[in-house]
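Before any comments, here is the structure.
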Amino acid sequence: IQDLAVSITKDARTAPQKIDAVTNYLISNHQYSLSINPGTADPLVGFLLSEPKKGAHCEYFAASAAMLLRCVGVPT
C-alpha cells in the first residue's frame, strides 16, 4: 500500500494536493457497490491492490483514503 500511496501522490507537494490525488485515484479506479467479496486477504489490501479493481461501499473508500494518506504523511 505504501508504494501505491507514493505513486498516487508523486506530483503532489502539499497535504491538500495529496488529498485530491488520493480522492481522484479512488473515484477513477473503483466503483461504489453495496456488495463486495473481500476474499481471504486483508480487506483493504484486496480492495486497493486486486486486479481487476473491485467495487466496494463507503467504509472501504474511507478506510482506503485514510490508509493511503497516512502512508504519505497526511494525518487522518
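The values are calculated or read from the model by the stated rules, or taken from the named source; none is laboratory data. Note that the coordinates shown come from a computational prediction; the quantities given were computed from them, not determined experimentally. Counting neighbours? That spans all protein chains shown, and the Cβs are built from the backbone with ideal geometry, glycine included. We work out accessible area using only protein heavy atoms, side chains counted, and drop any ligands, DNA or RNA first. Shrake-Rupley method; radii C 1.70, N 1.55, O 1.52, S 1.80 Å.
Some values worked out for this structure:
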| read-out | value |
| --- | --- |
| Single unsatisfied condition, Leu48 versus (1) in contact (Cβ under 8 Å) with a residue 12 or more places away in the chain; (2) more than 11 Å from the chain's Cα centre (by Cα) | (2) |
| Every residue from region 21-37 that is at pLDDT below 95 and within 15 Å of Ile1 (Cβ to Cβ) | Asn29, His30 |
| Test: residue in region 29-47 that is assigned to a helix (DSSP H, G or I), in contact with a His (Cβ under 9 Å, 6 or more places away or on another chain) and open to solvent by less than 90 Å² (accessible area, probe 1.4 Å) | yes |
| Residues of region 14-28 satisfying the condition of being polar (S, T, N, Q) and either touching a Leu at 6+ places or on another chain (Cβ under 9 Å) or in a helix (DSSP H, G or I) (or both) | Gln17, Thr23, Asn24, Ser28 |
| Qualifying positions in region 1-13 - in a helix (DSSP H, G or I), open to solvent by 60 Å² or more (accessible area, probe 1.4 Å) and of a type outside the set (S, T, N, Q) | Asp3, Val6 |
